[in-house]
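The values are calculated or read from the model by the stated rules, or taken from the named source; none is laboratory data. Being a predicted model, the structure only gives us computed values, none of them experimental. Every residue, glycine as well, gets a Cβ built from its backbone with ideal geometry; the counts of neighbours run over all protein chains shown. Keep in mind that these areas ignore ligands, DNA and RNA; they rest on the heavy atoms of the full protein, side chains included. Shrake-Rupley method; radii C 1.70, N 1.55, O 1.52, S 1.80 Å.
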Amino acid sequence: AEYRAKLEEKAKELLAARDNINAVVDSLAEPYRTVLYLRFIEGHTVEKTAEIMFYSYRWLMRLQATAIQEFRKAVNK
């Protein structure tokens, strides 16, 4: 019973963290929101994300780097 309670508590913490991450991603401007959503929430590859967003691989990599910086700024507010 004690182990189950610990697991349930950890599950609640993880769900809250997921909700917080989603809220931060949702607060970002386009196209940062979309690139982070496709890459890290839906789990697409860089190649597939670039294809979906009609960007080149290289541009998507630059965009992703900027999106991650914007995410970090939003988290640290």
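The GluC sites (Glu not before Pro) of the range 1-60 meeting both criteria, a DSSP state outside H, G, I, E and B (loop) and at most 12 other C-beta atoms within 10 angstrom of the site's C-beta, are 42. Of the chymotrypsin sites (Phe, Trp or Tyr not before Pro) found in the range 18-64, those that fall in a DSSP loop while having at most 15 other beta-carbon atoms within 10 Å are 54.
The share of Cα pairs per 5 Å bin across the chain, counted from zero up to the longest distance, runs 3, 15, 22, 18, 13, 10, 8, 5, 3, 1, 0 percent. Average accessible surface for the chain: 77 Å² per residue, computed with a 1.4 Å probe over protein heavy atoms with every protein chain in place.
Can you pull the percent of the chain's accessible area that's carbon plus sulfur, 1.4 Å probe, other chains left in place? Of the solvent-accessible surface of the chain, carbon and sulfur hold 56 percent.
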